[in-house]
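Input: a single structure, listed below in structure tokens.
The values are calculated or read from the model by the stated rules, or taken from the named source; none is laboratory data. Keep in mind that this is a model prediction, so the values were computed, not measured. Reconstructed Cβ throughout: ideal geometry from the backbone, glycine too, with neighbour counts over all protein chains shown. These area figures cover heavy atoms from the full protein model, side chains too; ligands, DNA and RNA do not enter into them. Shrake-Rupley method; radii C 1.70, N 1.55, O 1.52, S 1.80 Å.
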Amino acid sequence: RIVVVMTKPDIPEMDAMIALAARFEAAVKADPALEGAELGEMLRHVPGKRAICRGTVQGRDCIWRVFHSPQDGVAGREWVELQRVHAGMRDDDHTVNAPLYHAPEFGLVAVEFIAGTPLMALVWQSPLEERESLIIPAARWLRRYTESSESWWPAKPEGWLKRAERAAAKQPFSKLHRLERPILAELARLLPRIEGLDWRTAICHGDFHPNNLIVDGARMTGIDNGGSARMPIYKDMARFLMHMGRRGLIPSGSRVLGVDGAMIEAFSETFAMTEAERRLILPFMLGIEALIRVEHADMTRSRVRRAHAMYEALLEDLRKI
């Protein structure tokens, strides 16, 4: 059964989803293992890349990743990574959702649906005095994810700075753009102090933010895994911290470099960071992450205001390094 629901359909997206639904139907006909499988509500669509849908497979609730171009091999690479990570993260309270099904010729991947509350939503709805304790375990989750593939490599910060410069040029809000120029100047000042150092890389999550961690009691399950690549480990930390910081969420009440200071310390301690990692590389990557996540032109005024406050705090602390 195929029931694809779209909240704001347009003609190109409708055409794409019709094609994906037809491919799913063809897969069901071709593989007896898909008997009774369902493709349900669409949760997210990345044009030209993939659709994320609810559904079922082999009697289990699942999340379907339906890739637009099966021939490019992306689905296969994600499947391999999902299996690798799940093998090492399925036995305690820091887990990932299980890979359930893969049809490479049809560009289909199914992963376990996880019941619970996204971490960021849980923090927002919790009393102020409980928020810090809820968010800190995320550092341990990330450590579990990266530790099996960590290695030290010569630092290459210049490419990241160029990426931030390109992104900053697309900033639609003038009040944010005015702060991005001095932030870029501070990052350029730090760059020669990082070049010549080694930094840690790993196969990282790639989109590590609090809503990609689902909490159910003591268990914290990471979702949206599989699209991973090797990069500096600090990039995932910066993504997590900036996602909260630009929304004004500072669970501990202590803001450092525009983000939650207690969470910076949690990452630093959990990863046993060197002084250079803690005082130079992580702040640099926080600045990079702030600039490469460009606000959309239709962003609400309150979101822009919170992002502006985060930029100001980030710039102030970068100048102290």
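What to note about this one:
- Any strands (runs of 3 or more DSSP E) falling wholly within the stretch 72-143 and containing at least 2 residues that are over 16 Å from V215 (Cα atoms) and either acidic (D, E) or touching a Phe, Trp or Tyr at 6+ places or on another chain (Cβ under 8 Å) (or both): 99-103, 108-112
- Residue ID - most open to solvent (accessible area, probe 1.4 Å), chosen from residues in the stretch 47-64 that are part of a strand (DSSP E or B) and charged (D, E, K, R): R60
- Residue list for the stretch 85-100, restricted to those being touching a helix residue (DSSP H, G or I) at 6+ places or on another chain (Cβ under 7 Å) and either open to solvent by less than 40 Å² (accessible area, probe 1.4 Å) or without any contact (Cβ under 8 Å) to a residue 12 or more places away in the chain (or both): V85, M89, H94, V96, A98, P99
- Qualifying residue in the stretch 65-73 (condition: more than 18 Å from the chain's Cα centre (by Cα), surrounded by fewer than 18 Cβ atoms within 10 Å (Cβ to Cβ) and under 21 Å from I203 (Cα atoms)): yes
- Filter pass, S148 being in a helix (DSSP H, G or I), among the small types (G, A, S) and more than 25 Å from P251 (Cβ to Cβ): yes
- Test: residue in the stretch 162-171 that is touching a Pro at 6+ places or on another chain (Cβ under 9 Å) and open to solvent by 50 Å² or more (accessible area, probe 1.4 Å): no
- Scope the stretch 173-196; condition in a loop (DSSP other than H, G, I, E, B) and either touching a strand residue (DSSP E or B) at 6+ places or on another chain (Cβ under 7 Å) or farther than 15 Å from W160 by Cα (or both); matching residues: F173, G196
- Taking the stretch 270-304 as the range and being touching a residue at least 24 places away in the same chain (Cβ under 8 Å), assigned to a helix (DSSP H, G or I) and within 19 Å of E147 (Cβ to Cβ) as the test, the residues that pass are T270, E277, I281, L282, M285.
- Any hit, the stretch 252-263, residues being open to solvent by 10 Å² or more (accessible area, probe 1.4 Å), basic (K, R) and either more than 21 Å from L191 (Cβ to Cβ) or outside any helix (DSSP H, G or I) (or both): yes
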